[in-house]
Amino acid sequence: MVVVTAKEMQTIDRRAITEIGIPSLVLMENAGVAVVGEIEREFGDLSDKRCIILVGKGNNGGDGLVIARHLLNRNAKVKVFLLAEEDQLSEDCRFNLRIFKKLQGEIHVVTKANLSKLKINLALTDLVIDALVGTGFGGEIQGLLLEVVRLVNNCRKPVVAVDIPTGVNATTGAVSSHAVKADLTVTLALLKSGLLLYPGREYCGKIKLVDIGIPKSLSVNVKRYYTNDRLLDFLPPRPAWGHKGTFGRCLIIAGSRSMTGAAYLAGQAALRVGAGLVSLAVPESIRPQFLPSEVITVPIPDEGSGSFKKVSIETLQEHLDNKDVLVIGPGLGSDSELKDVIEAVLEKWYGPLVLDADGINHLDLEWLKSVPEQVRRSWILTPHPGELGRLLDLSPAEINQNRLEIAWNTHKELGVNIVLKGAPTITAGDNQVYINSTGNSGMATAGTGDVLTGMIGGLLAQGMNAFQAAAAGAYLHGRAGDYVVQVYSQRGITASDLLPAIPCVLEVEPR
């Protein structure tokens, strides 16, 4: 599904009206009808239901007035509360107000002096419709609007937001001091990025997307998507005659004395997602900690340190031969020689690469930019906000405040594919962005990032291009987490719980 910013949505709206010739009142009517349809699906028969429509002065308020009219046609008991005088309303909003008046609809204009009337009505209603402000809002909730938002959030009645909850930034998901906490958000025409990004996502409740008649051709140049199981179409075929070499040879350089688990998880995940042959290069002094398994464990000289050292470089470079994919990073640690080791290995590698965790921490922007651009295009970096922040000299908070833009800008500046982990994970590459739709807070536990790294490496090994592997890996990783919490709860699952779930989610219908 295409995802737009507030500015993009406004441009698409304008083009639908001025270039295509669809009257704005037609779009508003379509929106109102579609929202009422979703309300019926969610809450059932609306006959005799008491409904309060909160109407702002803009076109979002106009949508609310169309909704009010169609609720009247369902025999609902409708009251409209306006937050502006009639002469302050947008032209289309005022047009629909006049229609509602002709139907003898009940209308109240809210002022600070009569807020108590709204409070009493909210206490007695069955349903609240938030049509106060739309996607163009980006400031602070204050004054009368703030008072109304507080009353709505305190009334403990079901709330439906039209397009986006009041107070949520439609582009960034940022929330001003207060925002309407909706149970259902019916968004119009296209998904807005602010609905999918936190903290705004927490204010939306269920999100339903409805068609209001805007031609899809107007959004073809938007290359930002919300992931779904169509990503599974990218998975390469498994020919009946295939052998382990057919499905790729993956080398993972990982682990240190205190973080053997990271290496284990990455290796197992690469196998579980379908890689044919996985080799795990680890410091030789920690090799005894790895039990025999399907993953080939390769001991690398480490002078007994439990970490890769400069003495490791030659052997690591030798093991690059005949490999299809290289993964570096899980559990490497903070040894002072790791920067030299990683750079020396990467200077000899020209194929697809997944760079994670400490693999990222030991590199810097200038060195990354020195790598030929055609090589970097097949690289995937999988940082969490702290790791990307160190690379870009930003705080994790600054990263999270603008996840979409920062992931996109990093992709464009470095020419690499970026998987910015978090809620939601953002994948940027190939001049596109995917916002991941899967995963849950149970996955916020040590080692799940190492599983993701291994999965992406395993998909690359099977022949997927870098961006497809990154986006599909993030989607399948979250899907595995969602599968696991159906068996357990979100509390207490571990990264290793994801491993047996991976093969179960590689098809459209999980097994």
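The values are calculated or read from the model by the stated rules, or taken from the named source; none is laboratory data. Only a predicted model underlies this, so the values are computations on that prediction, with no experimental measurement involved. The area values use the complete protein model at the heavy-atom level, side chains included, leaving out ligands, DNA and RNA. Shrake-Rupley method; radii C 1.70, N 1.55, O 1.52, S 1.80 Å.
Of note:
- Dimensions of the stretch 3-220 along the principal axes, based on C-alpha atoms and rounded to the nearest Å, stand at 47, 37, 36, largest first.
- The value of relative contact order for the chain, using C-alpha pairs under 8 Å at least six residues apart, is 12 percent.
- Average Cα contact separation per residue, the stretch 244-505, under 8 Å, 6 or more apart, as relative contact order %: 20 percent
- Karplus-derived HN-Hα couplings along the stretch 178-183 (A = 6.51, B = -1.76, C = 1.60, θ = phi - 60°), whole Hz, x at Gly and Pro: 9, 8, 5, 9, 8, 8
- The stretch 358-484, accessible area per residue, ligands and nucleic acids excluded (1.4 Å, Å²): 33 Å²
- Checking the cross-link pairs LYS181/LYS206; LYS309/LYS348; LYS57/LYS208 against a 20 Å limit on the alpha carbon distance flags LYS57/LYS208 as lying beyond it.
- When the surface is traced with a 1.4 Å probe over the full set of protein chains, ILE120 keeps roughly 100 Å² accessible.
- Accessible-area ranking of THR18, THR453, largest first, probe 1.4 Å: THR18, THR453
- The stretch 401-474 and the stretch 161-176 have Cα centres lying 25 Å from one another.
- Altogether, the Stokes-Einstein calculation at 20 °C and 1.002 mPa s, with the Kirkwood radius of the stretch 244-505 over Cα pairs as Rh, returns a diffusion coefficient of 120 µm²/s.
- Take ARG150: with every protein chain present and a 1.4 Å probe, its accessible area is about 90 Å².
- Ordered by solvent-accessible area of protein heavy atoms (1.4 Å probe), largest first, the residues HIS178, HIS477 come out as HIS178, HIS477.
- Accessible surface of the chain [probe 1.4 Å, protein heavy atoms]: carbon and sulfur percent: 49 percent
- Binning the C-alpha pair distances of the stretch 381-511 at 10 Å intervals from 0 yields a P(r) profile of 13, 44, 33, 10, 0 %, listed from the shortest bin outward.
- Eligible lysines near LYS412 by straight Cα distance, threshold 19 Å, same-chain separation 8 or greater: LYS223, LYS369, LYS421
- Here the 3J(HN,Hα) profile of the stretch 128-145, calculated from phi with Karplus coefficients 6.51, -1.76 and 1.60 at θ = phi - 60°, is 10, 10, 8, 10, 7, 9, x, 6, x, 6, x, x, 9, 6, 8, x, 4, 4 Hz, Gly and Pro shown as x.
- Computed over protein heavy atoms with a 1.4 Å probe, the accessible surface of the stretch 3-220 works out to 43 Å² per residue.
- Between the stretch 1-50 and the stretch 183-233, the Cα center-to-center distance that results, in Å: 13 Å
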